[in-house]
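Asks: The structure under discussion is supplied below as structure tokens; questions concerning it will follow.
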Amino acid sequence: MIVILKSDPNREQLESLIAWLQSKGIIIHTSVGAERTILGLVGDTSQLDMDLIAALDIVEDVKRVQEPYKNANRKFHPEDTVIQVGNAQIGGGSLTLMAGPCSVESEDQVVAIAKAVKASGATMLRGGAFKPRTSPYSFQGLGATGLEYLKVARQETGLPIVTELMDLSQLPLFKDVDVIQIGARNMQNFDLLKAVGHQDKPVMIKRGMSATYEEWLMSAEYVMAGGNENVILCERGIRTFESYTRNTLDLAAIPVLRKLTHLPIIVDPSHATGKSALVAPLAMGAVATGCDGLQIEVHNDPAHALCDGPQSLRPEAFDVLARKLLKLHATVRELEA
Ligand code: PEP
Ligand code: MN
């Protein structure tokens, strides 16, 4: 249920409404917007008399929220969520460019790529230290050592780091990363979602390969229900009958999510296609469709990459693409203004 307050509500009446709701076991999320304030009520709201609340002097309107996700729902929080990570901003009209290798392979590799992508306009460094691989015989990532190399790259470039947490046991090692990534394969690992909901770093949830929008938003809800409101959604392609591309990029996710949620939306054209030649056109498509940023795999030697070489851009190709993306983003904003 949401309660839309009249502008400048009487303070005493508001406090007494809040106290009464809390006495009924309701948790209240207050969203203060430029125009008006909204109270988002979570809990057993079936016991509340809507008409009684609507009749209060300070209340403009009361609505039931049908969707099972509440905190992630735009009805609860009409203004876009903007997340500040170091010097990078995610959401709020900027274009976040997360770039870097699929996997951290060595200190030299990740530092060199970080420097290159920063020079091209990337605002965050991506890189996997713990890798979810389809085959147990494939490179599994450098683990804790990989996280240390990412931190060296951050120190050298100032780029905040985003890296995947695969298992609860790894969480203590992630104290010093900037954004925790939950991979597609773990989108419904509910214990993992609860754990990252109880810590305060931003969390980026990649869409599960066969997840609906609602299932994906419910995963965001798990994190937010724990108290962590800094959640980012990342569309990375879904499994369809088409096998030419690794996955099928669902660009409709951008306008649909924009309507359903206030959370920032990132698109990953690398895992969506599996082919480096398709990364640029789909990245451009994603920006034209209104995403808040992109996550792109970049490798200095894709032919010898330990993971996902075929979908990785060389730094020179990323440089050309990043410039186009920033121009296109500025144009799209101008057209939408
Ligand atoms: C990744 O970003 O490294 C990754 C494994 O992506 P996904 O979880 O989308 O497959
Ligand atoms: Mn990858």
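The values are calculated or read from the model by the stated rules, or taken from the named source; none is laboratory data. Please read all numbers here as calculations on a predicted model, not as lab measurements. When we count neighbours, we look across all protein chains shown, and the Cβ atoms used for this are built from the backbone with ideal geometry, even at glycine. Protein only, heavy atoms only, side chains kept; ligands, DNA and RNA dropped before computing areas. Shrake-Rupley method; radii C 1.70, N 1.55, O 1.52, S 1.80 Å.
Asks: Measure off, as a whole percent, the carbon and sulfur share of the 1.4 Å-probe accessible area of segment 194-301, all protein chains present.
Replies: On the way: 2170 of 3770 Å².
Solvent-exposed carbon and sulfur of segment 194-301 make up 57 percent of the total.
Asks: Accessible area, 1.4 Å probe, largest first: how do Leu171, Leu52, Leu257 sort?
Replies: Values: Leu171 40, Leu52 105, Leu257 0 Å².
Accessible-area ranking of Leu171, Leu52, Leu257, largest first: Leu52, Leu171, Leu257.
Asks: If you filter segment 204-312 for chymotrypsin sites (Phe, Trp or Tyr not before Pro), then keep DSSP loop positions with at most 12 other Cβ within 10 Å, what is left?
Replies: On the way: sites: Tyr213, Trp216, Tyr222, Phe241, Tyr244; in loops: Phe241, Tyr244.
Sparse-neighbourhood loop chymotrypsin sites (Phe, Trp or Tyr not before Pro): Phe241, Tyr244.
Asks: Among the lysines, select those whose C-alpha is under 26 Å from the C-alpha of Lys115, and discard any that sit fewer than 8 residues away in the same chain.
Replies: Qualifying lysines at Cα under 26 Å: Lys131, Lys151, Lys175, Lys201, Lys206, Lys275, Lys324, Lys327.
Asks: Determine which lysines satisfy two conditions relative to Lys259: a Cα distance under 16 Å, and not lying fewer than 8 residues away in the same chain.
Replies: Hits, sequence-local ones excluded: Lys70, Lys75.
Asks: OK, next. Could you work out the relative contact order of the chain, using alpha carbon pairs under 8 angstrom and six or more residues apart, expressed as a whole percent? Before the final figure, lay out the partial values.
Replies: Working: 705 pairs, mean separation 52.9, N = 337.
Relative contact order here is 16 percent.
Asks: Is there a quick way to get the dipole size of the chain? I mean about its Cα centre, with the Cβ of Lys and Arg at +1 and of Asp and Glu at -1; what is the value in debye to the nearest 20?
Replies: Details: 33 positive and 40 negative charges, 141 e Å.
Once rounded to the nearest 20, the dipole reads 680 debye.
Asks: Students often check this: by mean Cβ neighbours within 10 Å, which of 314-324, 294-304 ranks highest, and how do the rest follow?
Replies: Numbers: 314-324: 17.7, 294-304: 21.4.
By packing density, highest mean first, the sequence is 294-304, 314-324.
Asks: Give the accessible area for Glu12 in Å² (nearest 10); use a 1.4 Å probe, count only protein heavy atoms, and leave out ligands, DNA and RNA.
Replies: 150
Asks: Whose amide H sits under 5 Å from the amide H of Val59, counting only residues 5 or more places off or on another chain, with H placed in the peptide plane?
Replies: Lys6
Asks: Related question: Mind checking which aspartates and glutamates have their Cα closer than 14 Å to the Cα of Lys118? Skip sequence neighbours fewer than 8 apart in that chain.
Replies: Hits, sequence-local ones excluded: Glu156, Glu297, Glu316, Asp319.
Asks: Out of all DSSP beta bridges in the chain, what portion is antiparallel? Express it as a percent rounded to 5.
Replies: Details: 18 of 44 bridges.
Just about 40 percent of them are antiparallel.
Asks: Let me ask something else about it. Quick one: accessible area per residue over segment 275-337, 1.4 Å probe, rounded to a whole number of Å²?
Replies: Working: 3080 Å² over 63 residues.
Heavy-atom SASA per residue in segment 275-337 reads 49 Å².
Asks: How much of the accessible area of segment 2-63, probe 1.4 Å, is carbon plus sulfur, in whole percent? Present the calculation step by step, with values, prior to reporting the outcome.
Replies: Numbers: 1720 of 3750 Å².
Here carbon and sulfur together make up 46 percent of the probe-accessible area.
Asks: Which of Gly208, Gly143, Gly290 ends up with the largest GNM mean-square fluctuation for the chain, with Cα atoms connected below 10 Å?
Replies: Gly143
Asks: Separate question: Using a 1.4 Å probe, what is the accessible area per residue for segment 2-63, in Å²?
Replies: On the way: 3750 Å² over 62 residues.
With the other protein chains kept in place, segment 2-63 gives 60 Å² per residue.
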